[in-house]
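Only one structure is covered here, and it is reproduced in the block below.
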Amino acid sequence: MPLMVFALVLLALFAIELLGPVQIWIIQPFTAAIAQVSAGVLQLFDSTVQAQGIVLSNSETGAAVSIQPGCNGVEAMIVVMAAIIATPASWKSKGIGIGVSFLAIQVLNVVRIISLFYLLQWNPVWFEWAHLYLWQALIMLDGLIVYLLWVRMLPGPATGDQPSTLEVSP
């Protein structure tokens, strides 16, 4: 049953994400916010970095990265949300799990964007490899680890029984 719930929630969330109004009113502004956060972090060390919409650029070098769908952490979050919703737990625990996983995925995603921004300026070939392979896997691994830690923190089933003890006679 949890596997079917996972599949249905996953399908529903991906279908909702693809809707035009959701893209316009939620996904694009969220992605632009990620670009702003990334630029804000970078500006602590490099005043030449700026964000304009979903584009992060360096005003001196002209190097720029555009945060496209699939690079904003939304898909990884959808997978983790579906897994959390499908897991037998209280809605309070599920809410905590979704919140913590959102933060973990987005913090790592900002690190990802910053690293790719500088990697592009250093070596475009390494940028492509890190973008297409390394970071995709790391973001999903991050989601999996957070999910597994969340599952580990869930309270056991409340049966009302006292734990049994094993008595050993001398």
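Please determine, by comparing only the residues of region 113-137 that are surrounded by fewer than 16 Cβ atoms within 10 Å (Cβ to Cβ) and touching a residue at least 12 places away in the same chain (Cβ under 8 Å), which one is farthest from residue 80 (Cα to Cα).
That would be 121.
Among the residues of region 14-39, count how many are open to solvent by 40 Å² or more (accessible area, probe 1.4 Å) and among the aliphatic types (A, V, I, L, M).
Total satisfying the criteria: 8.
Enumerate the pairs (first residue in region 1-21 and closer than 19 Å to residue 73 by Cα; second residue anywhere and assigned to a helix (DSSP H, G or I) and modelled with pLDDT under 95) with beta-carbon separation below 6 Å, excluding pairs fewer than 6 apart on the same chain, so at least 6 apart or on different chains.
From residues that are closer than 19 Å to residue 73 by Cα, there are no pairs.
Scanning region 27-43 for residues that are over 14 Å from residue 75 (Cβ atoms) and of a type in the set (Val, Ile, Thr), which turns out farthest from the chain's Cα centre (by Cα)?
Among those that are over 14 Å from residue 75 (Cβ atoms) and of a type in the set (Val, Ile, Thr), it is 41.
Give me a count of the residues in region 88-112 that are touching a residue at least 24 places away in the same chain (Cβ under 8 Å), open to solvent by 20 Å² or more (accessible area, probe 1.4 Å) and hydroxyl-bearing (Ser, Thr, Tyr).
Result for region 88-112: 1.
Within region 40-70, which residues are open to solvent by less than 20 Å² (accessible area, probe 1.4 Å) and closer than 21 Å to residue 104 by Cβ?
42, 67
List pairs: first in region 60-74 and in contact (Cβ under 8 Å) with a residue 24 or more places away in the chain, second surrounded by 11 or more Cβ atoms within 10 Å (Cβ to Cβ) and assigned to a loop (DSSP other than H, G, I, E, B), Cβ under 7 Å, 6+ apart or cross-chain?
Listed by first residue and then by second, the contacts come to 67/54.
The values are calculated or read from the model by the stated rules, or taken from the named source; none is laboratory data. Quick caveat, the model's predicted, so the values are computed rather than measured. Heads up, the Cβs are rebuilt from the backbone with ideal geometry, glycines too, and the neighbour counts pull from every protein chain shown. Each accessible area value is taken on the protein alone, full model and side chains, heavy atoms only, with ligands, DNA and RNA left out. Shrake-Rupley method; radii C 1.70, N 1.55, O 1.52, S 1.80 Å.
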